[in-house]
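The values are calculated or read from the model by the stated rules, or taken from the named source; none is laboratory data. Everything numeric in this text was worked out from a predicted model, so none of it was measured. So basically every Cβ, Gly included, is an ideal-geometry build from the backbone, and we count neighbours across all protein chains shown.
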Protein chains: 2
Amino acid sequence: MSKSEVVELPVLDAGAAVPCCPPITSAELSPADAERMAVMFKALSDPVRLRLFSKVASHAGGEACVCDIADVGVSQPTVSHHLKKLRESGLLTSERRGTWVYYKVAPSVVAAMSAMLDLRD
Amino acid sequence: MSKSEVVELPVLDAGAAVPCCPPITSAELSPADAERMAVMFKALSDPVRLRLFSKVASHAGGEACVCDIADVGVSQPTVSHHLKKLRESGLLTSERRGTWVYYKVAPSVVAAMSAMLDLRD
DNA sequence: ACTCGGTATCGACGGGTGTCAACATAGACA
DNA sequence: TGTCTATGTTGACACCCGTCGATACCGAGT
């Protein structure tokens, strides 16, 4: 039941507005919003994924080739697996250019997480 | 060899400074920092926990009794289990006052997560 | 002391997740 | 065409995690 249809994740192109959510101090999350946001937090809940994400985000030009960030102490298939999860959760987007695949962060999605955790009263 | 030792995870009492971390756009996370931050993200990676956290954060007075927030569609033991995880990850603190137990958010920890996701260039 | 309501812990079950080796796919270039 | 390099996919494995019912713990009244 729970999982059934989940949200579909239409790839959310990097510029799309992410309506969710006001700061958590201002109002409680609806079950649906909680479901959506939890997916994003889950994407960053693994140390390896967090490092991959951080490597992309901090890379010059705002994007990085897999070959630039793959050195995180796990096998290549595992890196690929984690990048896929980050992509599916909407935090990263990828684009193939010739031999290499480049990843960059989806700013609006990350901004939504940051805004939600903003605690100013 | 930097400030290194700040860590230890001594249950982090609510007021403690959380040195981690600069915005992810500015530098890549160290493996150790990634490990620490992943714990916090993991705490918010479940829809039920996210709702509980949001209920505490948005509650009048900045704190809430378990009885005020327990209605999230799962059994009481499960609520207790999730609140424990939020406590252990440092996002919430709890205090018993008479019959009831009150939870409130640990502002510095949440602020660290928000700051890390701040994307301004 | 006893009971009662609020909260935490225990033990078990089922599904999810990170990891790897092996294999598949996609461009580039000879 | 064929080979080489970069990346993704598959299948299998061990482990983690969310959930529940049963039970224990803790204060407050009676």
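Quick notes on this one:
- For A:T25, the conditions (1) closer than 18 Å to B:V39 by Cβ; (2) away from DNA strand C (no atom under 16 Å from the Cβ); (3) hydroxyl-bearing (S, T, Y) all hold with the exception of (1).
- Selection within segment A:70-81 - among the aliphatic types (A, V, I, L, M) and more than 9 Å from DNA strand D (Cβ to nearest atom): A:V72, A:V74
- Only one of the listed residues (A:G90, A:G98) is among the small types (G, A, S) and surrounded by fewer than 17 Cβ atoms within 10 Å (Cβ to Cβ). That residue is A:G98.
- Count of segment A:68-78 residues which are within 13 Å of DNA strand C (Cβ to nearest atom) and out of contact with any helix residue (DSSP H, G or I) (no Cβ under 7 Å at 6 or more places or on another chain): 6
- Flag if A:S114 is within 13 Å of chain B (Cβ to nearest Cβ), within 28 Å of B:K55 (Cα to Cα) and out of contact with any helix residue (DSSP H, G or I) (no Cβ under 9 Å at 6 or more places or on another chain): no
- A:E63 vs. criteria within 11 Å of DNA strand C (Cβ to nearest atom) and either touching a residue at least 60 places away in the same chain (Cβ under 8 Å) or within 19 Å of A:S108 (Cβ to Cβ) (or both): no
- Scanning segment A:86-101 for residues that are within 14 Å of chain B (Cβ to nearest Cβ) and within 6 Å of DNA strand C (Cβ to nearest atom) yields a count of 0.
Here is a yes/no grid of residues against (1) at positive phi; (2) within 7 Å of chain B (Cβ to nearest Cβ); (3) at pLDDT 95 or above; (4) surrounded by fewer than 23 Cβ atoms within 10 Å (Cβ to Cβ):
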position	(1), (2), (3), (4)
A:V18	no, no, no, yes
A:P31	no, yes, yes, yes
A:E35	no, yes, yes, yes
A:P47	no, yes, yes, yes
A:S54	no, yes, yes, no
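- Residue check: A:S58 meets all listed conditions (1) away from DNA strand D (no atom under 14 Å from the Cβ); (2) more than 29 Å from B:L50 (Cα to Cα); (3) crowded, with 19+ Cβ neighbours inside 10 Å but one, namely (2).
To keep it simple, each residue is scored yes or no on (1) β-branched (V, I, T); (2) away from DNA strand D (no atom under 14 Å from the Cβ); (3) surrounded by fewer than 19 Cβ atoms within 10 Å (Cβ to Cβ).
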position	(1), (2), (3)
A:V66	yes, no, yes
A:L83	no, no, no
A:L86	no, no, no
A:K104	no, no, yes
A:L117	no, yes, no
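- Residues that are more than 8 Å from DNA strand D (Cβ to nearest atom), of a type outside the set (A, V, I, L, M, F, W, C) and closer than 13 Å to A:E28 by Cα within segment B:28-55 comprise B:R51, B:S54, B:K55, listed in sequence order.
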